[in-house]
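Below you'll find the structure, written out as structure tokens, and then a few comments.
No value in this document is a laboratory result; all are computed from the given coordinates. Keep in mind that this is a model prediction, so the values were computed, not measured. FYI the Cβ positions are ideal-geometry reconstructions off the backbone, even for glycines, and counts take in every protein chain you see.
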Amino acid sequence: MDFRVPDKTRRLLSDLKDFITNEVYPLEQRFALGPFCEILPELDKLRKRVRQQGWWLPQIPEDHGGMGLGFMDHAMVSEVLGRSPLGHYVFNSQAPDAGNMEVLLEFGENAQREKWLNPLLQGKIRSCFSMTERDRPGSNPVWMETSAVRDGDNYVIKGQKWFTSSADGAAFAIVMAITNPDAEPHRRASQIIVPTETPGFHRVRNISCMGHEGSDWASHSEIRYEDCRVPVSNRIGGEGEGFAIAQARLGPGRIHHCMRWIGIAERAFEIMCRRAVDRELAPGEILGAKQSIQNWIAESRAEIDASRLLVLHAGWKIDAEGAKAARVDISVIKFTVAGMMLKVVDRAIQTLGALGISDDTILSYFYRNERAARIYDGADEVHKSVVARRILRNYQD
Ligand SMILES: Cc1cc2nc3c(=O)[nH]c(=O)nc-3n(C[C@H](O)[C@H](O)[C@H](O)COP(=O)(O)OP(=O)(O)OC[C@H]3O[C@@H](n4cnc5c(N)ncnc54)[C@H](O)[C@@H]3O)c2cc1C
């Protein structure tokens, strides 16, 4: 087993960390406290520089304009970009667009790629993914109300979705809707592209979360699909293949989410350590001399490193044996890393005292916005249940 990171990757990670620290961090406070559109001109300038450096689309093959990184290299890049809430956006590898790009690359028809994928890759448009419903449990997505009924060469889509992230300003949504109500549960839904300018597409509101409505890319919308009529050719993959496609998207995607959370934990850890040595409780007595702070530092270091090894191992397994073989590993990292990240952010806030609660550091943004990590892409309890059931199978005769 060789844990060394190749020199070329190490140099790339170091360059990216410098770029994120020097160019992206300075925009964070305005991002956290003001409307997204106010920093868009600066973000566009940074995107231009990222392209010039050859860092655009780290997750996409070279022949589609990306960096063509391998799966593991991309995972490590995701950690560095994750240190800032704006990191992935600046490199055009932000959720939910990155997942939609992946789906269109793998399952899209040529015409769909031309019309929707190419402008997405160029950063000219944004998109969203509309699956969760307000009145049905997201944890049981096969029990869904939104329907897409065939009418000649069209689907007519009807339903109420919510928490469609980044719908505000998006050019299209990929909507999960029931097309085959009589099929077995996992074969009932399809993924269909719905341009947001389609008559009947109503963005009802941006849902206020933790006291902020957000805007543009940084928002979560409630959406009513009121007899939205789109051509059948907007369906991605076969009829009834919606869940299979969603599964293909979610498995590897969770590696990148987890690495992003490790980036957040590393950032919080650094802020905590810096404060521990800079803050004096009395003349000559630093905060870091206190045993409780030392415990948090030591425990955080161990937990971040353990989480990274777990994630990289799961990534290696996906690479070597496929996402299906790594199903339990993926569930393990999803709840472990989300919990670790929130614990480290909380310890950092405690270490900073009132400063940690203030918006003078990024910690308060992380505390507000990253709590959701234990809910989206499968709640903790659902993943724990997957793991435990698989383990208990070994004890049943
Ligand atoms: C910030 C954020 C962004 C999101 N972005 C998107 C998006 O872009 N597109 C989209 O379609 N959706 C999105 N979602 C929705 C997300 O996928 C759902 O919130 C998630 O699937 C959980 O569904 P739910 O909220 O309906 O909770 P429910 O399904 O009602 O579950 C509530 C709680 O019940 C418990 N529970 C549920 N099932 C089980 C079980 N089997 N065993 C034990 N306990 C259980 C868990 O504690 C769970 O937290 C987003 C959510 C958040 C918070």
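Among Val344, Val142, Val80, which one shows the biggest mean-square fluctuation in a GNM of the chain, springs joining Cα atoms closer than 10 Å?
Val142
How far, in nm, would the chain grow between Met210 and Ala244 when pulled straight, counting 0.36 nm per residue and subtracting the alpha carbon separation? Before the final figure, lay out each step's value.
Numbers: separation 34, 0.36 × 34 = 12.24 nm, distance 3.28 nm.
In short, 9.0 nm is gained.
Mind checking which of Ala170, Ala189, Ala289 has the largest fluctuation in a GNM of the chain, springs on alpha carbons under 10 Å?
Residue with maximal mean-square fluctuation among Ala170, Ala189, Ala289: Ala289.
How far, in degrees from 0 to 90, does helix 40-53 lean away from the longest principal axis of the Cα atoms of the chain, to the nearest 10?
Its long axis makes an angle of about 80 degrees.
Just how many % of Cα pairs in the range 127-236 lie over 24 Å apart, if you round to the nearest whole percent?
Result: 20 percent of Cα pairs exceed 24 Å.
Could you state the number of Å between the C-alpha centres of the range 305-352 and the range 68-109?
When both Cα centres are located, 17 Å separates them.
Between the helical axis of 71-82 and the dominant principal axis of the chain, each derived from Cα atoms, what acute angle in degrees is found, rounded to the nearest 10?
The two axes meet at around 60 degrees.
Say each of Arg10 and Ala320 gets a label point 7 Å from the Cα, pointing the same way as Cα to Cβ; how far apart are those two points in nm?
Distance between label points: 2.3 nm.
To the nearest 500 deg cm²/dmol, what mean residue ellipticity at 222 nm is calculated for the chain from DSSP H runs of n ≥ 4 alone, each contributing -39,500 (n - 2.57), summed and divided by the residues?
-15000 deg cm²/dmol
Hey, got the dipole for the range 1-157? About the Cα centre, +1 on K and R Cβ, -1 on D and E Cβ, debye to the nearest 20?
That gives the range 1-157 a dipole magnitude of about 480 debye.
If packing is taken as the average count of other Cβ atoms within 10 Å, what order do 211-217, 238-244, 277-283 fall into, highest mean first?
238-244, 211-217, 277-283
Give, rounded to the nearest 20 debye, the magnitude of the charge dipole that the range 7-95 has about its Cα centre when Lys and Arg contribute +1 at Cβ and Asp and Glu contribute -1 at Cβ.
Using only the charged Cβ atoms, the result is roughly 120 debye.
Of Met259, Ile362, Gly378, which is farthest along the charge dipole of the range 244-393 in the positive direction, counting Lys and Arg as +1 and Asp and Glu as -1 at C-beta?
Towards the positive end, the residue furthest out is Gly378.
Run the quick spin-label model on Asp2 and Val277: label points 7 Å from Cα toward the beta carbon, then report their separation in nm to one decimal.
It works out to 3.3 nm between the two label points.
What is the set of long-range amide H partners of Asn154 at a cut-off below 5 Å, with H atoms built 1.01 Å from backbone N?
Those qualifying (amide H under 5 Å, at least 5 residues apart or on another chain) are Val232.
Give the angle, between 0 and 90 degrees and rounded to the nearest 10, that separates the Cα long axis of helix 380-393 from the longest principal axis of the Cα atoms of the chain.
80
Rounded to the nearest 20 debye, what is the charge dipole size of the chain about its Cα centre when +1 sits on each Lys and Arg Cβ and -1 on each Asp and Glu Cβ?
340
Can you list residues whose amide H is under 5 Å from Phe201's amide H, if they're 5+ apart or on another chain and H is modeled 1.01 Å from N?
Glu226
What is the distance, in nm, between label points placed 7 Å from the Cα along the Cα-to-Cβ direction at Gln291 and at Tyr395?
Here the modelled spin labels are 3.6 nm apart.
Order of 314-326, 126-138 by packing, highest average Cβ count within 10 Å first? Write out the running numbers ahead of the final one.
Values: 314-326: 17.2, 126-138: 20.0.
My ranking of the peptides, most packed first, is 126-138, 314-326.
So what is the orientation-averaged projected area of the chain, using the convex hull of its C-alpha atoms, in nm²?
Mean projected area of the Cα convex hull: 22.0 nm².
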